[in-house]
Every structure is written in C-alpha cells, then in structure tokens.
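What follows is a single structure, written as structure tokens, with notes after it.
The values are calculated or read from the model by the stated rules, or taken from the named source; none is laboratory data. Keep in mind that what you see is a predicted model, and the values were worked out from it rather than measured. With ideal geometry, Cβ positions are generated from the backbone for all residues, glycine too; neighbour counts draw on all protein chains shown.
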Amino acid sequence: LKRLHAGVRCTGMTLGPSLVPSSATHGGGTVMGLDELILQVNADMTIGYINTPMARLLDIADRRRVLGEPLDKWDQGPLGKGVLRSVVDSALVTGSTVVVERVCPGLDDDKLPATGSRPVCDPVLRFVANEVKGRVELIIQDITLLRWLENTFARYVAPEVIEQMLLRPEESFMQMERRRVTVLFADLRGFTRITQRLAPDTLQKMINEFLTNMVGCIEKFGGMVDKFIGDEVMAVFGAPVAMNDHPLRGLLAALEMIAAHERTLAAWRKADLPAAGVGLGVTSGEVFVGNLGTETRMDYTAIGHSVNLAARLCSAAAAGEILTTGECYQAVAEAMKATSLENLPRFKFSPRGKQAFKNVDEPVTVLAVSVA
C-alpha cells in the first residue's frame, strides 16, 4: 500500500462527528464509497453471515465454516477482546443504529481492504450496528483516510471538497507536486492606517466579518482557503482537488467577493464605521502544492511564481478592483469551454498595460476584471 509520507503523522488525531455531508452516508451511518466489512449476528449470539473482508479482518480462513459458531469465539482477535460484542449489545439494548469509531493500534493494514493511499498512523475503524427483529447487522469501515483528510483539510476547504478527496484515494494530497492552479489574494485597502483609530473589539468584529464573507465566496466556487495574513486572505482553486475550470472559478469568486464586500461596506457606513474597500489579484499558472512545515506544524499550501505575482497584483489593485494577467485571461477562455457551471456572467477585461513588479523578472500584461 502506498502511504502518505512527507513527514505527515496522525498523532493527536481528533475523532468527532464526520465532516462528510449527509449525502455521503447511507445505511444508517456508513460512508458511501468505502468498502464494507459485514457481520450478521443471530439472536442467540451466533454468526449468521460474514463476508470475505470481515473474515480476513478476524483471521477466519473459511467464512462458511464459522456460520452458527458463537460470536465470542472470534471476538478476541486484532480488534481487541469483546469489541464486537459490545457494539452488538448496544444495538440490541437501544433498538436503534449504533455508530462507534475506534482507533486500533497495531492493526495490520493487510487485514483491511486495499486503498490507493493510507496515512502513516493507527487505523481508525467505524462500527455501524443495526438491530432488526432480534438480529444485528454489523458493518465496519476503514475511515482512516477520511479522518486524516478532515483533520488536515477541514480548515482549508468546505466539507463537499473533503468528500471529493475521499473518493480519490489514489491521490497523495500531501506530497509536493507541480500543478496548474489559480491563486487569489484579497486585501482591505488602507486598513492598517484605519486600525490605529479602532477599539480592539471593533477591529476584531470588522476583520472577522470581512474574512467570513470572503471565505463564503471562495468555498462557493470550490476554492481552498490557504491562509489569513491579518486582513488579507489567500485562496487556491485547483488544489487539493484538481479542476479543469479553476481559472473561471477563481474569477467568479473574485467578482462575488467584490459584491459581498460592497454589502459589508454599506453596513459599516450605516454603523458609522470606517470604510475600507477590497482589492484583489488573481493569477493562473504552475505552482508547487503540498504540505510544508515541521512534524508538529504542517500546512497544505502553494508556492511559486504565480503565488508571488497574485500577491503583487493584489497590492496594486485599487479598492473594488480585480487585477489579473494575460495568461489568466487566456486560461479563463479555455475554462469556459470545459466548465459545467451555468448562468455565467459576461466578463470585461480592461487593459492596464505592462507593469513591472518586485521579484518578477519581466513586465506582466495586467488586466482589470469586471462584469460587462
């Protein structure tokens, strides 16, 4: 099995409610897309049915020969003594679906269904038991990858994106790789100067309101919130989940952010708060994406020329302005042919000439983006 390395560990993994949307679950708590290890237990606590994956987990060589045998005989293997019985008993007592998640230290990966990639950590199993007329159906699923994705990416992307990642187990989302993406920076104009006149609680309220609105626009179009730097936000479209229309999604998010912030500005003015417009920079190009940091602090991020250029464009943008490049303009034209998005606006690209930016080797063709 290919493992996800790059210094990634699952130590300190928090187990809680799944972030996968309800559309991803079925059968009273199981997760769609994951293999199911199935065991049916009769009313007299004997085995009524066991499928091949469950037999492999319990070290049962011939699953047909154990039918009618006591559950307790096989409930002391790699999962720990009495684990299966306790879940079955809970379903019988409550008469409803019982869902339990358990970290299984030392459990051999070979006993679990093969997946394209698996984090380097103890397996996390999800037990789902349903009682029907005195019998219990117990389903076990390996949710190690799901929990790892949630713990790693929940602060970056919407739950729907995590669901898409779970359905692509062949991808190693933590290894550094080259990828074409769209990068977006948004920043409040002149806000540093304004902060000198604000009370701390007012400053916090304004920044949190701004960032909340920006994140909503980013997630609406499938983007990843890379980081916050004060009142600046960086987002990536096309990673960790690849998109064939990421340039289009990046610009649509930028336009949505401008509109959302106009509504925020109106509310601020009504409350006699200082107004600070937002400027945005958007680029499309090849970057490096992956996990960077130390063993105790890792962040999934993008680095490279396109990231630096998007930040420079953001700094150059006026309040209410979106700046992009000629390369992004061409990429958007191609993305509009491939996208499944509907009711697209008519973009207007206004030339701003060739501009030189710090730490960018050659002048860049700059365009301002708006709705025609």
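Restricting region 118-154 to residues that are among the basic types (K, R) and not in a helix (DSSP H, G or I), the residue that is surrounded by the most Cβ atoms within 10 Å (Cβ to Cβ) is R126.
Would a scan of region 193-200 turn up a residue that is in a loop (DSSP other than H, G, I, E, B), among the hydroxyl-bearing types (S, T, Y), at pLDDT below 90 and closer than 19 Å to F228 by Cα? No, region 193-200 contains no residue that is in a loop (DSSP other than H, G, I, E, B), among the hydroxyl-bearing types (S, T, Y), at pLDDT below 90 and closer than 19 Å to F228 by Cα.
Across region 329-366, what is the total count of residues that are charged (D, E, K, R) and in a helix (DSSP H, G or I)?
2
Among all positions in region 321-329, there is no residue which is in the same structural domain as F237 (by TED's automatic domain parsing) and without any contact (Cβ under 8 Å) to a residue 24 or more places away in the chain.
For region 34-93, what are the residues that are acidic (D, E) and in contact with a Pro (Cβ under 9 Å, 6 or more places away or on another chain)? Answer for region 34-93, where residues must be acidic (D, E) and in contact with a Pro (Cβ under 9 Å, 6 or more places away or on another chain): D35, E36, D44, D59. With respect to being in contact with a Gly (Cβ under 9 Å, 6 or more places away or on another chain) and farther than 13 Å from T301 by Cα, A275 falls outside the description.
Among the helices (runs of 4 or more DSSP H) lying completely within region 33-116, list those that include at least 2 residues that are in contact (Cβ under 8 Å) with a residue 40 or more places away in the chain and either surrounded by 16 or more Cβ atoms within 10 Å (Cβ to Cβ) or acidic (D, E) (or both).
Ranges flagged: 52-57, 83-94.
One residue stands out among those in region 240-278 that are without any contact (Cβ under 8 Å) to a residue 60 or more places away in the chain and touching a Cys at 6+ places or on another chain (Cβ under 8 Å): the one that is nearest to E163 (Cα to Cα), which is E256. I'd like to check something: does region 282-295 contain any residue that is of a type in the set (A, V, I, L, M), at pLDDT 95 or above and under 24 Å from the mean Cα position of the chain (by Cα)? Yes: one or more hits.
Of the residues in region 137-158, not one is among the acidic types (D, E) and free of Cβ contacts under 8 Å to residues at least 12 places away in the same chain. Residues in region 296-311 that are modelled with pLDDT under 80 and of a type outside the set (S, T, Y) were compared, and the one that is surrounded by the fewest Cβ atoms within 10 Å (Cβ to Cβ) is R297.
Scan region 107-116 and tell me whether some residue there is touching an Asp or Glu at 6+ places or on another chain (Cβ under 9 Å), modelled with pLDDT of 85 or more and under 30 Å from G293 (Cβ atoms). Within region 107-116, one or more residues are touching an Asp or Glu at 6+ places or on another chain (Cβ under 9 Å), modelled with pLDDT of 85 or more and under 30 Å from G293 (Cβ atoms). Report yes if some residue within region 221-239 is closer than 13 Å to L184 by Cα, surrounded by fewer than 20 Cβ atoms within 10 Å (Cβ to Cβ), in contact (Cβ under 8 Å) with a residue 24 or more places away in the chain and in contact with a Ser or Thr (Cβ under 9 Å, 6 or more places away or on another chain); otherwise report no. Scanning region 221-239, I find at least one residue that is closer than 13 Å to L184 by Cα, surrounded by fewer than 20 Cβ atoms within 10 Å (Cβ to Cβ), in contact (Cβ under 8 Å) with a residue 24 or more places away in the chain and in contact with a Ser or Thr (Cβ under 9 Å, 6 or more places away or on another chain), so the answer is yes. Is it true that V120 is of a type outside the set (K, R) and either touching a residue at least 60 places away in the same chain (Cβ under 8 Å) or closer than 22 Å to D35 by Cα (or both)? Yes; evaluated as a whole, the condition is true for this residue. When each of D72, D110 is tested for being in contact with a Lys or Arg (Cβ under 7 Å, 6 or more places away or on another chain) and at negative phi, the lone residue that passes is D72.
Assessment of region 280-288 against the conditions (crowded, with 17+ Cβ neighbours inside 10 Å, farther than 14 Å from L211 by Cα, of a type in the set (D, E) and out of contact with any Asp or Glu (no Cβ under 6 Å at 6 or more places or on another chain)) yields no matching residue.
Only one entry in P345, P363, P351 is farther than 26 Å from H261 by Cβ and either of a type outside the set (F, W, Y) or touching a helix residue (DSSP H, G or I) at 6+ places or on another chain (Cβ under 6 Å) (or both), namely P363. Within region 155-188, restricting attention to residues that are of a type in the set (K, R) and part of a strand (DSSP E or B), the residue that is modelled with the highest pLDDT is R180.
Evaluate region 334-342: report whether one residue or more is in contact with a Ser or Thr (Cβ under 8 Å, 6 or more places away or on another chain), of a type in the set (A, V, I, L, M) and assigned by TED's automatic domain parsing to the domain that holds A310. No, region 334-342 contains no residue that is in contact with a Ser or Thr (Cβ under 8 Å, 6 or more places away or on another chain), of a type in the set (A, V, I, L, M) and assigned by TED's automatic domain parsing to the domain that holds A310.
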